[in-house]
Structure formats: structure tokens, C-alpha cells
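Structure first, commentary second.
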Amino acid sequence: MNTDFTDWLRGLGDDRVRALVAARPELITPVPAHVEGLAIRATSPSATGRALDRLDRFSLAVVETLLVMTAEDGPGLAYGELRAAMAASVLPQEAGLLPGALRAAVDELLGLALIFGPESALRLAPGVRDVSESPAGLGPPAVEAFRHHPPERLRELIEAVHLHDAGGEEPVPARLAALLAEGVIVERLLGDVSPQARAALEELAWGPPAGRLPNARREVSVATAQSPIEQLLARGLLAATGEETVVLPREVALVLRGGRVHRDLRPVAPPLEGAERDRSLADRTAAGQAFSFVRTVEELCEMWGVDPPGILRAGGVAVRDLRRTAQLLDLPEWTAALVVEVAYAAGLVAASAPVDGEWLPTTGYDGWRVKATEDRWEVLAAAWLAGDRVPGMVGERDDRDRLLNVLHPELRRPAAAEVRLRTLRVLASAGLGLAPTAASVRERLAFEQPRRRGAYRDRLVDFTLREAEVLGLTGLGVMSGFGRALLPAEASSRSGASRPGSAPAELLAPLLPEPVDHVVLQADLTAVAPGPLTSELGRRLALTADVESKGGATVYRFGDASIRRALDAGSSADDLLAMLEKHSTTPVPQPLRYLVTDVARRHGRIRVGTAGSYVRCDDPSVLDEVMADKRSAPLRLRRLAPTVIASRSSRAMVVDALRALGYSPVAESSEGDVLVTRADAKRTERPPSARPGPGPAGLDPDVVTAAVRAIRAGDEAHLARRRPVAAPDGQVPRSPSTGTVLALQEAIRQGARVWIGYLDSQGHATSRILEPARMEGGYLTAYDETRAAVHRFALHRITGVADVN
Amino acid sequence: MSDGPLIVQSDKTLLLEVEHEKADDCRKAIAPFAELERAPEHVHTYRITPLALWNARAAGHDAEQVIDALISHSRYPVPHALLVDIAETMSRYGRLRLEKSDHHGLTLTSSDKAVLEEVLRSKKIQPMLGERIGGDSVAVHPSERGNIKQALLKIGWPAEDLAGYVDGEHHPITLAQDGWQLRPYQQQAADAFWHGGSGVVVLPCGAGKTIVGAAAMAHAQATTLILVTNTVSAHQWKQELLRRTSLTENEIGEYTGTKKEIRPVTIATYQVMTTRRQGTYRHLELFDARDWGLVIYDEVHLLPAPIFRMTADLQARRRVGLTATLVREDGREGDVFSLIGPKRYDAPWKEMENQGWIAPADCVEVRVTLSDTERLAYAMAEAEERYRFCATTPSKLKVTEALVGRHAGEQVLVIGQYIDQLDELAEHLDAPVIKGETRVKERERLFQAFRDKEIQVLVVSKVANFSIDLPEASVAIQVSGTFGSRQEEAQRLGRVLRPKAGGGGARFYSVVSRDTVDQDFAAHRQRFLAEQGYAYQIIDADDVLAGE
């Protein structure tokens, strides 16, 4: 372990260590025992990689420049030297921005412990070098490029590079590397080769630094070299790294680059480009889309509640079912897939059973449905934002050639939520009214996270842009005001949970079309609702008329069947007409009035009921007797006609009962009766695990503080500055487990010490003095003063907690 | 929130609130690219279809204008997807052009190579094409000019036909405007057609489409072939042309089932053109009989399929289609677009009504109740007998009588389908009856007497449908009818009930039996008429009898 780095880390103030672990939470998961442990963790390849992944292109360029310009164990680079090196790489027109940007970048890198040391000698943190392959598009240093060359070959090369050097020293790669690092020598060698050879080198100069060449390890010397490539191989300007690969050594590339590590480097993010839109129009368009999205989800749930699609054996919804759903929703399939996925993510639809089940709306849907539109939208949009599922891939095949259906379990990508959030942040950062092009959004993301680029991420960006428009986060490509409010605050802003400004639903509400409480009735038996209806009127109209067209307005059509439906639901013709009159801005057209009364006239003329059985007898007086007998009451008899009685009981029961009364009835073969019941829309429970866990929201500041305190304490003990203290005598009073957890949480928040009783792994009761640092996953990490070390304690073994004093 | 008069629906229909103060501006703005589908009293429904958008393109409108019209008049935000779709659809028109080249005859040219490649790969289109000329155009067999336009439309790349027209045989025709004047919109329609070269003029029933045809002929100054729906129409056209133009009896020929005259202006029926004998069309030579300079299609929405095929070969001649609606019940709007041409003129319907050019009639449906014994008999009747049974119920007699009584002093026509019923009615009403067997001379005498108001009530059978000299009436009572297409019935109604000289509205009663198929047919009629903006009312026979 590099003790310089550990010492530097130890020398940092508490606030800087806190900032470090807050920015790199993985460093205290779990909390290391001391600063050395922290240093080891910080320089591990995975942690270093993660930290580098978060850098923007400029900060990464600073790291790369340091990497190229300093040696592993070298003395480091002064800030001034670093600035000079960077200045050579920066775009001339943006050179003015360099000082500020560099200052910020260096501070950031020091804060992340990716570089360390004083201003006069900035050094790369250990481990950074190991995870940086081909920094700035440069090949390996000559030492590595020529490492596997046999000594005689190296000798030839050294000879070719520097004539006077033939004899004396060892033919080691380091010697050749040292020679190639001399700009003058390389320049001279370049002067010797043909123009074609030089052009080939220029190709490789700005990366990628490797090329393919058959029989790369051929034996060539300056004298025997034929082709341009052979001329280069003979002079060590190219190194063969495999049977068929050659690479441009880093030293040579730097000379070709004229000493610059980067070219056309931008100190700040490239500006977003795109069309300017009227902001209020964009907001209104987004709101309109938000409104229709909410409505579509509701429509989907209603549809699936009555006619649910089955669950495929592999999971998900069949292609055929998706197509049908898309048709019924009048949407393209990808949009329908998005609607389904968002409804799922929001917990509005779920599988009724893991095997042979159906996709049904959940009980949560019923709660969601009655909320205000803006709140409903917020639920959907938040679910979409946080989800790791990628609806855009529906219909594609995965790497095992399995079709990815909508709601398929494999339709998730770990990076989805992060890329989505980043993309939206870029949109939100665009000037008000600017609709950035997809290309410029990708460009910006490439600047922000150059190490996380790729076609896969670009696709996620494209999906996000497309879906944000459908959900109404953006309108005409511009981030809407309420969409902006939906984005969680940046992790770096320490304010925690409270969002700046208003909640998205509050911003959205005034933009939504106001519910109207009237319709326009027309003689062609239609009603036009010129906006979303108030829920009560909407419900009544939906019962009385069929929906013909949807959108900003709704067109309803009255017909025999729809009026009958309303009458069946218990309205009378007068109710209906009164309702229509009350809510119509124009007089009720005569044909409509006529239709309602005409249907009502016929309604209910024929009556149908259910009966378990009937009793008939040609002599009415016998039936009078039966009806009059009190003992026949349980049969629930009803006289339909003088000679017919209907009973709710079954034929067998009636026959038995009548026999008991002293009659001798005969069972009659019936033609069977039909039970008419309305099939209720079905519901299922939402699975408990439907919600994804908390995202990379950052750590609670209290946790960070406590963790740093524990590391410090552990470190002091580690350096033998702290001695174990004896635990107080006596037993710690037992406390209930909930009390234990609460007391420990309080102690973490306050930074207080506690006295606990603990059963060790052998079951012995012990007593400790702790400085609790972090509680997670059933364990408490704390500095144990009685042992002078940081330990993890299983919460269930803590028998009690008490104040130390 | 804007307060525009327009609401854009997700199914691409547009709802226009008619009473809104900006409704007129809005209507003007959207008419070029949206078809009026329904026009009941308060909210009109327009529909945006690809064809409507291409029509707009052909008329020189671009997507920007269309989108602007929607956004600026819409009350609610317009879905972005819809706007994108509109822009995309409109950009498809005109990427391909049919042009005339001196060296290669007819060519298909595109400024977009990818589109041309796509077209060249289409199996349906390949056989119509000749050799490739340079990178961006390809020769087309001249005989395929119509077919290729049809085929291109089908694959979504409608071609703009810029190949021009032959002039045809010259024939002087002028409008004889003595005592009448071309109405402004008729003039505009004829001019719009002429500048466009070929295309369709959309005017509501009763707006004088024949005169637009005559004006088009006056523009063309060439021999003209007129295709009409039936013989009655053919007569009407001839009468109108004689009255409105300089043409004389000798210059106009009728080419119908009975007469086969080919003259500088020839009127042929669809019927005769589509007559086949031994599998071949016998009268195709009519198209080549003269060097026609203009072809007029009356009632384009009824154009039968074989005429489309024949029209495909007539692409070098100027064509004008006349119709009240572009909506076809068979869905062949695309063929009208590619073979006859884009919409060239669309009348501002509401304006014409306000100016008094057209006057929709008042429609009243009178419902009679069948007696109990009749209901039983109706329930037991065979399916094919049912309509006749309920349509001829004796209950209708009394009601008709009462209605005639109510309009005493007005000219009343009673129209029916079944002769027995008509005879009975005539007896009750003490009115003469005209049916199939009535001699022509007697018929003419009765018509004249009706016109002279010597007779006030006339009972007519369905022969009236085909009789051109049927006099005008202010009241018509339909007691039974055919149950054909809704459009046919509405047109018949339009013919009987022209706007009156006095400006008073006409009234149309249909007497219908309640709770029977008669009522079901009436429901269709009601919907159609209400959608066309006719006032519609339903009353009970008892109310009529009670004199209310």
C-alpha cells in the first residue's frame, strides 16, 4: 500500500473525509475499520472505476494528462505544469475558460481522492493507473509494448533507434523506452521513413492506437524493410504485441501529437442545440399529453379488468394480446407497450398468480383512479422515472434469442433509471423553450460521462426522449415546468429530501383542461363534451351513451341499447331527461327526448326473475292453503298467479317440505332456469416487491458523519493512540429490540457513545462501549472502545442499550 | 388555455363549435385539409385523412400551414404525435412526379432517390415502368399513367401528375347568361378546376353542380363526354345545358339504353357504360369515338368500379368530378383521388345556406302504433314480408289524411312503394294516383294540373323517383319506401324538395310504424339527415290525429 496516499488521506480534515465518503458511498459500505482500510478500499479497481465513471470529459482529461505526464512512483506534477499541459490541448477559442475549469476539476478530483498531494506535486491516486486502459486514446508505454520482445530483437531495435548506443548497456525495454521518450530521436526516425509510413502513423496517432497486421512478429531491420509498415517496425516506431497486432507506443504517439495529450478539448460542456419553442405552448402541449396518458392508462386498466390477457409461461404478455390492446387503445404498439409497462411500474396492474394467471388491475388501481388527474400523473411519471425496465426493447430479442414481450421479466436493464434521469437532467438544463436535438443530448451526456458511452446507452437516451414526450414530461421536445419539478434534486446538493419549488402535480394542475359540467346535445343523437367531464357527469353519461370519439373532447352517441343500459341501472326516463336538461347548454333535441321516452315505454314491460322451483295446482284453494300455512315461510313462496307459486328453494326441498305439511306433491321435470349475473371486473393484489428499492439518492448526512467518526476512532486505535477502555461493571439492562434500534439510531444522529450488552458468537454475554456509525442490513457498524477497533454487530444479538454515563 | 372553437380528437377528427365567434375563420382554415363528416346543429365533425392532406398539398398548402391552423384554433393542446403524423403524411405527396419528357415520353421523376428506389422495388409497380433515365427518373409506359398513379397511392407515395393534357377536338361552347347569372361560388369552382387541370368539385345537393359542369365546358371549348348516374339525370343534364349554354339540340347526344347518339357533347349513363355482353364491355368505343377534350363525372361518389378502370386510360384528357361528398360507401376515395384528381373546390356549406342558395327541409317522422292484432300478425310474418306488412298498416291511412288536412292549401305529394296502399290512400284522400301503369299522357296532364294548382294533392308511386318532370311540392309525405342506401334516399328527397321561390322551407313527413323494421330504417334516415343538418322531429300519430 502506498503510504503517501494513506498519510494524505489521514491528514485530511473531517469535513473533507465526510465529503469524500458522501460522494463515494461505496467506501463506507461497510464502514472500514481505520484510515488505512479506507485507503485500500478507495484504491481498489472497482471503487476507482466507479469514481472515474462519474467524471466528465474534462476532469477525465485532467486525470489522463497526469497519468501520461507522471510516472507511477514519480514526484508528481505542480499545478502550474498541469495547467500548461492542459492549455496545449484545449480548443483555442475556449482557452479563456481553462483556468476556472481546471481549478474546479482539480478540486473535484482531490475531493474524490482520485488525485492527491499538495499543489506543488499533484499525483494520481494508486489504482487509477491500473484501471485506465488506453488513456486519451494512447497506446501502452514503450516499456510495456516491447516487454515480450526477445533480447536480441531489442538490441537490434535499440541499434536502429540510436546508433551510438549499440554496445554498453543491457538490452532492456526500459532503455528503448528512454530513447523513444526523446522527442529529437523520434523526430529523426520519422524523418527517415517514407511518407506512406508516416501517414500510417498519423492514422494511429489519435487512437485507437492498435492495428491489425498479418505476421506482425516478422524479422525486419532497417536494411531489409520493404513496406512502409516494415520501416516502422524496424525502427521501433510500431511494436508488435501479438501475432497479428501492432501498437503505437505511447512515447511515439505523444511526439506525433506535438506534445499534446488531447486535441480540441473543451473545458466546459458543449452547448445544447435545437429549435426554440414557445414555452407556454410547449407546457400546454406537455400537459395535454400528460392528460391523455393518464386517461390511456385508466382505459387500459378498465379494459384488462374485464378482459385480462393471460400470462405467458416465460412471463409477460403475448404479442397478440399487445397488438389487440394497441388496437383498442388506438396507439402504435410501442406506445401501448409503454402504457402497459408504466401501469405495471406504478403498481396498477400485476399478475394474478405466478402460474396460469392473468394480468389484472390491482386494488391499488382503484385507489389511484379516484385521485385528481395531476396526482395520478405524478404517480405514473415517478414510476416511469425510477423503473429499471426498458419498454423500448419490447419486440426485440435478448442475447439468448428469446423474444422480449411486454412485461417480460427480462425487460430490465440496470442502467435504465440512471440514463433516464441523466437524459432528463440534460433536457432540464437546456434554456427555457429550447428543444434539444437527440444528437446534442447524446453529445452532452458523452461529455458528462465519457467512460459510460456506447450504442446501448445511446438507445436508452433515445427511448427516454421518445417516452418523455408520450408521458408529457416534455412537450414539443421542451422540458415542461412540471416535468422539471419531478426530477429529484441533484445528489450533490446536500439539502436532502425537500425539493426546490412546488410539487409537479401542483404545477400541472392549472395546465390541465378544466373539467366541464355540461355537454352539447345534437339532433343526430350525439352529445359532445367539450372537455374532460366532472367525474359524476362523466360516469352518468358513460352509462347513458356510448363513447364514439376521444381526445380533448368526448363524443357520446345515444342509442336504444345505451338508454336501456341506463334504465337498467335504475334511472327513470325523467331522471335521464332531467340530467340531460341540467347539463346541456342547448335545449334537448326533440328526437333525443323522444328516444328516451320511447325506450322507457318499452322498458320493463316483460319481467324476468329467478326461482328455485315452482308449485302449480289446478285448484287455487289448495295453493291458498299452502300460502297461509306458517310452516311454509322458510320456502319463501311467492304467488305468481292463482294456480302458480314460485319458491326460492330447490325442487327437492319444496317437495320434502310439502310432504312434511301433509301434501303429496310430485316433482315435475323442469326445462331448467337461467341464472343471470353480471360478471364483476376482477382484481388482484399487487406483489409486495413491485417497487424498486431506493435509487442512488445519496447518503443521509448523519450516516456520513457517524461513519467518518468511526473511521477516525478506529484509525487512532489502529495507530495505537487509543487504548481499549474497560466496560463498566454490571450488566446492561435489557431493552426491547425496537427500543434498541431507536436508541442506536438516535446515537448515530447525535454522535453519542452507548453502552450495550452483546452476545458474542460463542454466546457469551459481553458488555461494550460503542460509537455507533451506521446501521444497515441488520448490522450495526461502530467503533468499539472496549476493543479499540471498528466492528460489525448483529442487531439481534444486542441485548440492551444504555447511556454510558 | 386558449378558447378556440376547435377540439382535436385523438382519432383525427376535428370538432368545430359552430356558434363560436371564430368558427367561421376556423372553418376556412381547416376546410382545405379536413373533410366535413357530419354537420348537425351545434358541433360539426371534420376528419383528417391522408387523402384530405394530399388534397391540401395538391391545392398548394404545406404542412406548416396545416399545423398552424390546428394549433391556433384548437382549444386544447394538439397531440404532438398527430402533428408529426400530419407533417410526415404531407411530405409524401409530390416526392414523385409524372412528367412529360421530349425524349422519353412519360417519366416518373423524384428528387428523393430513396423513394424512387423503394418504388422501383415494388413488384406491383415494376411492370409499368420502362428504362431508367439517369439517377432520378424512370420512363413510364404512357398507357399506365392511370394505373401507376393508383398503385403509387396504394403504397403511400402519391404522385403529382404534371404531364399535362391533350386539347381535344375544338368545339365552341359559351354560357348563355340571360335572366340568370353564374353564382360566385360556381364561377370559383369552375376556375379552380381549370387551373388545377383535373379534379373534383364538392358542392352540396341543390347547389347547381350541373351549372359548374357547363362552366367547365365553357372553359374547355372542346367536345365533352358527360357520365351520369341514370337516364333521368341524363335528361336533366340535357335540359340544363340547352337552357344554360349556347349548345343546341343537335349538338347534344344521349348515349343511354334506348338512344345511342354520339355528338360533340355526349351524355352517357354509368349503366350503359358498364353493360357487359359475353364478358366484354360493349360500349367502350365511346371513349375513343371522338377526341374528347373534357370528361365530366357526375356524382363521383357513386362511380362504379368498371368506370374507374376505363378512366385509368383517359389520363391525358381533362377530367372533372362533381359530387356532394367525397365519402364513398365502398371506401374507394383513393381511386377518385388518383384517377380523377384531387379536390379542387369545396363549398362553404354554411355560407351557401346563409345566402339562401340551399335550404334544408324540415323532416318530421310520424310514428303510428300497430293494433294488437296487427302486432301479433307482424310477429308471425316471414322475415321478407315483414317490411311490407308494417309499411302498409291501415293505421297510416288516417294519419296521412290528417297530415294532408293540416296542409290544406299547399301542394302535397304522397309517395309510396306499394300500389294497393296507394290506391287505398287515393280513395281516402280523393286524389289522383300516378303509378307505373299510368299512361304518359295522363301523367303529364296530372303533373300540369298539379303545377297549375288545380290539383293540390297527388299520390305517386316510386315511378316518381325516375320521373324528371315531377313537379315541385312544398310538402311530401312518404308512407312507405325502398330500403336502399341512405344517400340515395336523401338525394331523392333533395330532388323533390327544392328551395322554394318564396323562400319558405319545405316539409318532409315520413309515416313510420312503431317498434318494427320500418322504424329501424327510419333511424338510419334520421341519423343521416340530422348529420346533414336537416332539422328532424319525431311525433306520435295520436298527436297528429288530435290536431296538435
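Values in this text are rule-based calculations from the coordinates and carry no lab data. Worth saying up front: this structure is predicted, and the values here are computed from it rather than measured. Methodologically, a virtual Cβ is constructed for each residue, glycine included, from the backbone with ideal geometry; neighbour enumeration extends over all protein chains shown.
Details
- Each label was represented as a point 7 Å from its Cα along the Cα-to-Cβ direction; for A:Ile606 and A:Arg557 these points are 2.6 nm apart.
- In the frame of its principal axes, the stretch B:6-90 has Cα extents of 32, 24, 20 Å, reported largest first.
- Net charge in the neighbourhood of B:Leu82 (other residues with Cβ under 12 Å of its Cβ; Lys, Arg +1, Asp, Glu -1) is -3.
- In the stretch A:573-648, Cα pairs under 8 Å separated by at least six residues give a relative contact order of 28 percent.
- Calculated on alpha-carbon atoms, Rg and Dmax of chain A in Å: 38.9, 139
- Cα pair count fraction exceeding 19 Å, expressed as % - the stretch A:142-248: 37
- Rounded to 10°, Cα long-axis angle of helix B:209-220 versus longest principal axis of chain B: 30
- With a simple spin-label model that places each label point 7 Å from the Cα along the Cα-to-Cβ direction, the separation between B:Trp180 and A:Glu514 comes to 5.3 nm.
- Neighbour cut-off at most 14 other Cβ (10 Å), DSSP loop, trypsin sites (Lys or Arg not before Pro), the stretch A:347-395: A:Lys371
- Of the beta bridges in the protein assembly as shown, as assigned by DSSP with both residues counted there, near 60 percent are antiparallel.
- Taking chain A and dividing mean pair separation by its residue count, relative contact order in percent (alpha carbons under 8 Å, at least six apart): 12
- Rounded, prolate or oblate (a/c below 1.5 giving rounded, otherwise prolate when a/b exceeds b/c) for the stretch A:355-424 by Cα gyration tensor: oblate
- Projecting the Cα atoms of A:Pro140, A:Leu427, A:Ala657 onto the charge dipole of chain A, computed from C-beta unit charges around the Cα centre, puts A:Ala657 farthest toward the positive end.
- Cα pair count fraction exceeding 44 Å, expressed as % - chain B: 24
- Inter-label distance for A:Arg564 and B:Arg309, nm, one decimal - labels placed 7 Å from Cα along Cα-to-Cβ: 4.4
- Full-stretch length increase - A:Ser737, A:His148 - with 0.36 nm per residue and alpha-carbon distance subtracted: 205.8 nm
- Scattering profile of the stretch A:1-49 at q = 0.15, 0.17, 0.30 Å⁻¹ [log10 I(q)/I(0), Debye over alpha-carbon scatterers]: -0.34, -0.44, -1.36
- Amide H contacts of B:Val414: B:Leu458, B:Val459, B:Val460, B:Ile477, each under 5 Å away and 5 or more positions distant or on a separate chain (H built 1.01 Å from N in the peptide plane; Pro and chain starts excluded).
- Per-residue ellipticity at 222 nm, computed for the protein assembly as shown from helices alone with -39500 (n - 2.57) per DSSP H run of at least four residues, works out to -12500 deg cm²/dmol.
- Among residues other than A:Ala417 with Cβ under 11 Å from its Cβ, the summed charge is +3 (Lys and Arg +1, Asp and Glu -1).
- Convex hull volume per residue in cubic angstrom - Cα atoms of the stretch B:362-471: 121
- The protein assembly as shown: Rg to Rh, with Rh as the Kirkwood radius over Cα pairs: 1.10
- Around the amide H of A:Thr766, modelled in the peptide plane, lie the amide H atoms of A:Tyr758, A:Leu759, A:Asp760, all under 5 Å away and 5 or more residues distant in sequence or on another chain.
- Ordered by the count of other Cβ atoms within 10 Å of each Cβ, fewest first, B:Ser143, B:Ser10 give B:Ser143, B:Ser10.
- DSSP H segments from chain A that extend 27 Å or more along their own axis, Cα-based, with Kyte-Doolittle mean of 0.0 or above: A:279-306
- Theoretical gain in end-to-end length, A:Glu746 to A:Asp803 [0.36 nm per residue, Cα-Cα removed]: 19.4 nm
- Note on the stretch B:252-313 and the stretch B:22-39: Cα centroid distance 35 Å, given to the nearest whole angstrom.
- Backbone N under 18 Å from the A:Ser120 label point (7 Å along Cα→Cβ), restricted to the stretch A:52-77: A:74-77
- Principal axis dimensions, largest first and in whole angstrom, of the stretch A:3-133 by Cα: 48, 30, 26
- Relative to the longest principal axis of the Cα atoms of chain B, the long axis of helix B:184-196 lies at roughly 30 degrees.
- Sites A:Asp401 and A:Ala353, calculated FRET efficiency, Cβ-Cβ separation with R0 30 Å, nearest 0.05: 0.60
- Relative contact order of chain B, defined on C-alpha pairs under 8 angstrom at six or more residues apart (%): 13
- Rounded FRET efficiency, nearest 0.05, which uses the C-beta distance separating A:Asp278 from B:Glu21 and R0 of 30 Å: 0.80
- Distance-filtered residues of the stretch A:587-604 - backbone nitrogen under 17 Å, label point 7 angstrom along B:Asp542 Cα→Cβ: A:594-603
- Beta bridges by DSSP in chain A, antiparallel share as percent, to the nearest 5: 95
- For the stretch A:701-803, the orientation-averaged shadow of the C-alpha convex hull comes to 6.1 nm² (one quarter of the hull surface).
- Peptide packing: for B:412-418, A:583-589, A:298-304, the average count of neighbouring Cβ atoms within 10 Å per residue gives the ranking B:412-418, A:298-304, A:583-589, highest mean first.
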